[in-house]
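Data block below; observations after.
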Amino acid sequence: MKKFYFPLHTVLNYKQQVLDNLRNEQAQIISDIVSAEKRIEKLEGQDRDWSGRLQEKRVQGMSVLEMGTYENYLNNLRARERLEREALVRLEERKEEKRKEVVAAKTETASIELLKDKKMAQYEYQVQKSEELFIEEFVSNVRSRSIREEQAL
């Protein structure tokens, strides 16, 4: 019997590549989220550190210029932290969108794979029936030959 042929094989390969690409993009977004969270933690740590320094300097006494410098720096840190948090929110939204895309691509790929499995099962059933028919014909031919030989004797 002929070899199994699945007409949607190229489509399945394409869908699998799309799924793999989407998963890679999703992994990159997750990596970006982790990096953003680390940057936020670092900025929070710097804020606590510099706020503590400012408190110490206030207790010890400091000039208005120094206090303004500290305040400006802290405001800058907080503004950067706010921007990082906004970027993190956008990354989280992209992650959710990408997750939906991955689920849709996975569903498409799974449906084509299911169809392939059904076609493969049909093919295997036909191969089995064909082999059974061949064996049956072979046995029948052997019997009829042996009967003819017995009758000829």
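If you line up the long axis of helix 9-60 against the longest principal axis of the chain, both from Cα atoms, how many degrees apart are they, to the nearest 10? Result, in degrees: 20. Taking Cα atoms only, the orientation of helix 64-152 departs from the longest principal axis of the chain by about 10 degrees.
Between L54, L133, L74, the Gaussian network model of the chain with springs among Cα atoms under 10 angstrom shows the greatest mean-square fluctuation at L133. For region 9-113, relative contact order (Cα pairs under 8 Å, six or more residues apart, normalised by length) works out to 55 percent.
Dipole orientation for region 9-113: of the candidates W50, V102, Q28, W50 has the Cα lying most toward the positive pole (charges on Cβ; Lys, Arg +1; Asp, Glu -1). Listed cross-link partners K3/K100; K95/K119; K57/K95; K38/K98 are compared with a 32 Å cut-off, the Cα-Cα value being larger for K3/K100; K95/K119; K57/K95. Under the rule that an exposed site lies in a DSSP loop and has at most 11 other Cβ atoms within 10 Å, name the longest stretch of the chain with no trypsin sites (Lys or Arg not before Pro) of that kind, not counting the sites themselves. Of all site-free stretches, the longest is 4-153. Loop-only check: which chymotrypsin sites (Phe, Trp or Tyr not before Pro) in region 1-85 are DSSP coil with at most 16 other Cβ within 10 angstrom? The qualifying sites are F4, Y5. With all pairs of different C-alpha atoms in the average, the Kirkwood value for the hydrodynamic radius of the chain is 22.6 Å. Basic side chains Lys and Arg get +1 at the Cβ, acidic Asp and Glu get -1 at the Cβ, and with that the dipole of the chain about its Cα centre reaches some 180 debye.
Every read-out reported here was derived from the displayed coordinates using simple, explicitly stated rules and does not represent laboratory data. These numbers come from a predicted model, not from an experiment. Using ideal geometry, Cβ is built from the backbone for each residue, glycine included, and neighbour counts are taken over all protein chains shown.
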